[in-house]
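Here's the structure we're looking at; comments come further down.
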Amino acid sequence: MARPGSTSEPTGSAAVLYVSETLLAVDKPTGIIVHGDGTGAPTLTGLIAERIRGGSVPGVSPAQADELQALQRLDRDTSGIVLFSLCKRTQGAYDRLIAERSISKRYLAIACGKIPWDERALTWPIGRDRHDARRMRVSKTGKVAHTHAIVRDRRRVDGRWLTLLDVQLHTGRKHQIRVHLAHAGFPLLGDALYGAPDPRGLMLHAHELAFRDPVTGEPVRIVAPVPARMLALFPHM
């Protein structure tokens, strides 16, 4: 039986948003990677597994820590929803759900500048930047990428314009939202890779996921609360 929560429940430095017998969703904080990158840096997967083993994730047996598997990844400085499989037997069904793009994904983003349009489909193909292995770029030979952006608000903060966006991903290319908005001339606030750093951090948050659970057949909607760093800039979200 699924147990979604309207408020987040602390689990270390992450928060549990949704639990079922086979699926777990947590609200990833900024500054942590989802999977190991070979450097030995702490990971969200390791953090959640440790909490499960310690019995501090309600509704999840400590024995399930060994079956925990992240189904998606977010960039280190992106916050928001990350899905985990809790059962090896049913993990393949969730892997197919991800691969077939059968999940509706909505992000909140704050871009630099006063965006003149109210709604726009960004469809430039994205490929790797041959000159910098960390970066992606718009490229004629890249893979199909589709980002749909809707302006929710515009305001001046500390003398400069910022735009709040509701963004829906129809494909899942690496850095897709960041690359598309930077190419459009409106890089995300705090994006050191495609724009400029900001002490408040990267303003990108995986806010909502909606899908039909392939195991139970039930519709699922998961929402991660708007983070404080974004509310400080747009307090009336």
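The values are calculated or read from the model by the stated rules, or taken from the named source; none is laboratory data. The structure presented is a predicted model; accordingly, all values stated were derived computationally and were not measured. All Cβ positions, glycine included, derive from the backbone under ideal geometry; neighbour counts span all protein chains shown. Side chains are part of the model used for accessible areas, which takes the heavy atoms of the whole protein and leaves out ligands, DNA and RNA. Shrake-Rupley method; radii C 1.70, N 1.55, O 1.52, S 1.80 Å.
In the chain, helical runs assigned H by DSSP with n ≥ 4 each contribute -39500 (n - 2.57); averaged across all residues and rounded to the nearest 500, the mean residue ellipticity at 222 nm is -4000 deg cm²/dmol.
Distance between the C-alpha centres of the stretch 89-105 and the stretch 163-192: 23 Å, rounded to the whole angstrom.
Restricting the trypsin sites (Lys or Arg not before Pro) of the stretch 34-131 to loop positions (DSSP other than H, G, I, E, B) with no more than 11 neighbouring Cβ atoms within 10 Å leaves ARG130.
Once the convex hull of all Cα atoms in the chain is built, its volume per residue stands at 134 Å³.
Among ALA145, ALA224, ALA63, the residue with the largest mean-square fluctuation in a Gaussian network model of the chain, with springs joining Cα atoms closer than 10 Å, is ALA63. Using every pair of separate Cα atoms, the Kirkwood estimate puts the hydrodynamic radius of the stretch 93-230 at 16.0 angstrom. Measuring nothing but how far apart in sequence close Cα pairs (under 8 Å, 6+ apart) lie, relative to its length, the stretch 1-135 scores a relative contact order of 19 percent. Computed over the chain with a Gaussian network model linking Cα atoms closer than 10 Å, the most mobile of GLN64, GLN168, GLN176 is GLN64. For the chain, modelled as a GNM whose springs connect Cα atoms under 10 angstrom apart, the maximal fluctuation among ASP77, ASP95, ASP118 occurs at ASP118. What the stretch 60-105 shows is 47 Å² of accessible area per residue, with the surface traced by a 1.4 Å probe over protein heavy atoms. Note on the chain: with neighbouring protein chains present and a 1.4 Å probe, carbon and sulfur make up 50 percent of its accessible heavy-atom surface. How tilted is helix 44-53 with respect to the longest principal axis of the chain? Cα atoms for both, answer in degrees (0 to 90, nearest 10). Helix 44-53 and the main axis of the chain meet at about 20 degrees. With contacts taken as Cα pairs under 8 Å at a separation of at least 6 residues, the stretch 149-237 carries a relative contact order of 15 percent.
Measuring nothing but how far apart in sequence close Cα pairs (under 8 Å, 6+ apart) lie, relative to its length, the chain scores a relative contact order of 17 percent.
In the full protein context, the stretch 185-237 carries 45 Å² of accessible surface per residue, based on a 1.4 Å probe and ignoring ligands, DNA and RNA.
Charge tally for HIS170 (other residues, Cβ to Cβ under 10 Å; Lys, Arg +1; Asp, Glu -1): +2.
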